[in-house]
Each structure stands twice: as C-alpha cells, then as structure tokens.
Amino acid sequence: MTRRYWNINLEEMMEAGVHFGHGTRKWNPKMAPYISAKRKGIHITNLTRTARFLSEACDLVFDAASRGKQFLIVGTKNKEADSVAWAAIRARCHYVNKKWLGGMLTNWSTTETRLHKFRDLRTEQKNRGAQPSSEKRCGYVEKTIISFANISGRD
C-alpha cells in the first residue's frame, strides 16, 4: 500500500468538534491510549493520533476503490442523512441513512430476500395498470412499499 498525502488539517478538525468523545462515565478502557484529557465530563480525543489513523484509513479506501471494491456508507443521524446520501450517490456506493436494521450484514440472506421483495412490489406497482387487482392488494402493496422506502432510504 502506497502512502499518499491527505490534506487533513487539525484546526478544521477542532472546529468540526472531532475531538469531543463520549462521556467519562460511558467509556471502554481499551480507548485509553486515544484519550488525551477529560473536561466537563467528556473525554477529549487525541487529534494528532486521529489524523494519522484517518490518513491510513483514506489510503485503505483509496486502494480498495482503485481495485473496484464496493462500499457501504452508513450514517443514520438526522444531521448527516442528507450528506451521506449525497456522498454515496456521488461515489456510486450503497448507503443506509434512515435506519440500520439489526442483522443487515450478518444475516444477509434475509436482507437480500427482503430487498428482492421490495423490488418485486415496485414492479408490481408500476405494472398495476396492465393487470387488474383488488383494492386490498393495492393498499397492501402501497403500505409495504412506503415502509420499505422509509427503512432503505430509497424513493
């Protein structure tokens, strides 16, 4: 893996609030090497170490992307949902920006069958004009598509 120069500025990281960690009550002792101080009940993260690891992570992502690997971008907080979707669409990656479903990666076979069902329901909805179906079925399809769209972040 070749090392590249990434423009990571410590002042910008400070302005963004990257150095604020979790509360001092909720912490894992394994994180001790990465914590530089405690202030007002919050751990302060060591930014120089964070910048170095961020640079290494950027190298790994760059190398994987150059080999054509696929990525999943996840950001489920309301503030970051739009920027996650924008970045993922721009990078042609998969993304989750609404709700992370338990077992999405570890129980992939179930997740995949649900995604196939979502696709099939959308095609059924598009082809509804060609074939008559009951009002009850139409209501079920609409409701299921809306719930799938809310979970997956798709339109």
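The values are calculated or read from the model by the stated rules, or taken from the named source; none is laboratory data. None of these values were measured; they are calculated from a predicted model. FYI the Cβ positions are ideal-geometry reconstructions off the backbone, even for glycines, and counts take in every protein chain you see. What goes into the accessible areas is simple: the full protein's heavy atoms, side chains included, and nothing from ligands, DNA or RNA. Shrake-Rupley method; radii C 1.70, N 1.55, O 1.52, S 1.80 Å.
Observations, loosely collected:
- Checking every one of the trypsin sites (Lys or Arg not before Pro) in the range 39-117 against DSSP loop status and a limit of 10 other Cβ atoms within 10 Å picks out K40, R67, K69, K77, K79, R92.
- In summary, the convex hull built on the alpha carbon positions of the range 1-45 has an orientation-averaged projected area of 4.5 nm².
- Summed residue charge, Cβ within 12 Å of D59's Cβ, Lys/Arg positive, Asp/Glu negative: +1
- The chain - convex hull of the alpha-carbon atoms, volume per residue in Å³: 187 Å³
- Cβ-derived FRET efficiency at R0 30 Å, R114 paired with L60, nearest 0.05: 0.50
- Here the range 41-100 is treated with +1 on each Lys and Arg Cβ and -1 on each Asp and Glu Cβ, and its dipole about the Cα centre works out to around 200 debye.
- Taking amide H positions as modeled 1.01 Å from N, with prolines and chain starts lacking one, the residues under 5 Å from S36 and 5 or more places away or on another chain are I44, T45, N46.
- Expressed to the nearest 5 percent, the antiparallel share of DSSP beta bridges inside the chain is 65 percent.
- Accessible surface computed residue by residue for the chain, with neighbouring protein chains in place and a 1.4 Å probe, gives 79 Å² per residue.
- Taking the protein heavy atoms of the chain in the context of the full set of protein chains, the accessible area attributed to carbon and sulfur is 55 percent at 1.4 Å.
- Unit charges on C-beta of K, R, D, E only; dipole of the chain, Debye: 420 debye
- Placing a label point 7 Å from the Cα of H22 along the Cα-to-Cβ line, the residues of the range 55-80 whose backbone N sits under 19 Å from it are 75-77.
- Length released on extending from N107 to I145, taking residue separation times 0.36 nm less the Cα-Cα span: 11.5 nm
- Using alpha-carbon coordinates, inclination of helix 81-91 to the longest axis of the chain, degrees: 90 degrees
- Qualifying GluC sites (Glu not before Pro) in the range 80-145, where qualification requires a DSSP coil assignment and no more than 16 other C-beta atoms within 10 Å, comprise E80.
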